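For reference, the structure discussed in these notes is given below.
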Amino acid sequence: MILVSDPMISYNRTTEKAIGTSRLMMVLVLGSLTAFGPLSLDMYLPSLPKIAEELQTSTSLVQLSLTSCLLGLSAGQLLAGPLSDVQGRRKPLLIGLIVYIVTSLLCALMPSIWGFVALRFIQGVAGAAGIVIARAMVRDMYSGTEMTKFSSMLMLVNGAAPILAPIFGGQLLEVTSWRGVFIVLGAIGVLMLVAVLLKLPETLPAERRAPGGLTQTLSTFRGLLTDRNFMGYALSSGLVSAAMFAYISGSPFVIQNIYGASPQMFSLFFAINGLGIIIAGQITGKLAGRVSEKKLLIIGLGIAVFGGISLLAMILIGAGLAAVLPPLFLVVSSVGIVSTTAFSLAMQNQAKAAGSASALIGLLSFVSGGIVAPLVGIGGSGTAVPMGVVIALAEIGAILCYLLMIKRKETTVD
């Protein structure tokens, strides 16, 4: 229980008053900022064949633009997170948004594939500023149960983005070319820039900022990497996210090519699983305060492991699509519980390095996802076994990180 006299609570109230708007607006702004990742990655996916055709290049090179954006999102968090601990949150965020707008528009004008790939990397770096700084701002303003509740509200926006982005991108192609998709991404950047300027004050006052310099930044990351509790939560969350990346990478081929679902049915299944993340996140927020974050995390990890092992079992025995979809739903929905609680627990003691801590959590998720995504296709497009194995191992790894790094430490202390 946090006392009213806690200076963090006083600062929370001052900040919300300074915003001069509802908490809903705060959720929409910060949630939209954290959605830059799925927006940048997913909205142009339906355009990939058109890009390859117009730029007269191969499918693999066009897919390289997806990889470069993912790498940019990873690297950008390591840059923007520590910088925001030193400079405050608004300045790096505003710079990131401006660069995002410019690179989105340049992507729309780019005539060559290699220039397009390079711009996508820069776009990813710029978009990462919104992701990592938005999460750090949540830690600036909230702690404990309140942080868990607020993070679950962000899941409403962040969880909807992966569902809506490819659908919206596909609809845009009915009225414009792939270049128009990037113009829309630039317009979204402009809207976010205006929202930040008008609705988002500085949440990290000068007296709470970290000293600058490379040495200090490296020292901060060294401290985080050697913090067993922090890394336990971060790795658990990262591996559950890796399972979802494996699902995103493998499910279009598995569900359509192997189980014979139409593209429209696949889109429906994809949307239902995305709704599962949102619902799970909201349930977590409602239970926070009544059930401890650690218990909620354990429940989420249990659901993830059960879903992953059940999915692999259904694939191995050759069960049909109707038997595969429920465990897939559990695998994806568990992200809404694990990411919300693990983030809150990992950030509890990171008030002085919220930007760097947020960056490391985000980096682990993107890097682990980038590692497992290609693995699901090892056996070719005619088997679902690699996807099942990768998802099951990722979920088991997540709960092992909790048991070995957090639970064992608590047992040792007791």
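The values are calculated or read from the model by the stated rules, or taken from the named source; none is laboratory data. This structure is a prediction, so every number in the text was calculated from the model and none was measured. All Cβ positions, glycine included, derive from the backbone under ideal geometry; neighbour counts span all protein chains shown.
The helices (runs of 4 or more DSSP H) found entirely in the stretch 169-256 that carry 3 or more residues being more than 23 Å from Ala80 (Cα to Cα) and not aromatic (Phe, Trp, Tyr) are 178-199, 228-253. Whenever a residue of the stretch 244-273 is assigned by TED's automatic domain parsing to the domain that holds Pro166 and modelled with pLDDT of 80 or more, it has no partner that is part of a helix (DSSP H, G or I) and crowded, with 22+ Cβ neighbours inside 10 Å lying with C-beta atoms less than 9 angstrom away and at least six residues away or across chains.
Checked against the criterion of being part of a helix (DSSP H, G or I) and surrounded by fewer than 24 Cβ atoms within 10 Å (Cβ to Cβ), the candidates Val338, Val332, Val324 yield just one match: Val324. Exactly one residue among Ala80, Ala118 is over 18 Å from Met192 (Cα atoms) and either aliphatic (A, V, I, L, M) or surrounded by 19 or more Cβ atoms within 10 Å (Cβ to Cβ) (or both), and that residue is Ala118.
Does the stretch 352-365 include one or more residues that are in contact (Cβ under 8 Å) with a residue 40 or more places away in the chain and over 21 Å from Gly37 (Cα atoms)?
Yes, the conditions are met somewhere in the stretch 352-365.
The residue that is farthest from Ala126 (Cα to Cα), counting only those in the stretch 52-65 that are out of contact with any Lys or Arg (no Cβ under 9 Å at 6 or more places or on another chain) and buried (at least 17 other Cβ atoms within 10 Å of the Cβ), is Thr57.
For the stretch 62-120, name all the residues that are part of a loop (DSSP other than H, G, I, E, B), under 17 Å from Phe182 (Cβ atoms) and not small (Gly, Ala, Ser).
Met110, Pro111
Tallying residues that are within 30 Å of Leu297 (Cβ to Cβ) and either modelled with pLDDT of 90 or more or not charged (D, E, K, R) (or both) within the stretch 140-198 yields 24. Just one of (1) under 29 Å from Ala354 (Cβ atoms); (2) surrounded by fewer than 18 Cβ atoms within 10 Å (Cβ to Cβ); (3) hydrophobic (A, V, I, L, M, F, W, C) fails for Ile101. It is (2).
Let's see how each residue does on (1) surrounded by fewer than 19 Cβ atoms within 10 Å (Cβ to Cβ); (2) touching a strand residue (DSSP E or B) at 6+ places or on another chain (Cβ under 7 Å); (3) under 30 Å from Gly320 (Cα atoms):
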{"residue": "Leu200", "(1), (2), (3)": "no, no, no"}
{"residue": "Leu204", "(1), (2), (3)": "no, no, no"}
{"residue": "Gly223", "(1), (2), (3)": "yes, no, no"}
{"residue": "Arg228", "(1), (2), (3)": "yes, no, no"}
{"residue": "Met231", "(1), (2), (3)": "no, no, no"}
{"residue": "Gly260", "(1), (2), (3)": "yes, no, yes"}
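Within the stretch 350-369, the set of residues being farther than 22 Å from Met155 by Cβ, within 21 Å of the chain's Cα centre (by Cα) and either modelled with pLDDT of 85 or more or of a type outside the set (A, V, I, L, M, F, W, C) (or both) comprises Ser356 only. Here the condition is being in contact (Cβ under 8 Å) with a residue 40 or more places away in the chain and outside the structural domain of Ala353 (by TED's automatic domain parsing); of Leu94, Leu106, Leu119, it holds for Leu94 alone. Of all residues in the stretch 288-321, those that are aliphatic (A, V, I, L, M), over 24 Å from Met231 (Cα atoms) and part of a helix (DSSP H, G or I) total 8.
When you go through Thr14, Thr34 one by one, which is the residue that is modelled with pLDDT of 75 or more and either within 28 Å of Arg209 (Cβ to Cβ) or touching a His at 6+ places or on another chain (Cβ under 8 Å) (or both)?
Working: Thr14 fails: modelled with pLDDT of 75 or more.
Every option except Thr34 fails the conditions.
Going through the stretch 141-178 one residue at a time, which ones are surrounded by 18 or more Cβ atoms within 10 Å (Cβ to Cβ) and either assigned by TED's automatic domain parsing to the domain that holds Thr284 or over 23 Å from Met25 (Cα atoms) (or both)? Across the stretch 141-178, the qualifying residues are Pro166, Gly169, Leu172, Trp178. Apart from one condition, Ile279 fits all of (1) among the hydrophobic types (A, V, I, L, M, F, W, C); (2) closer than 23 Å to Leu239 by Cβ; (3) not in a helix (DSSP H, G or I); the exception is (3).
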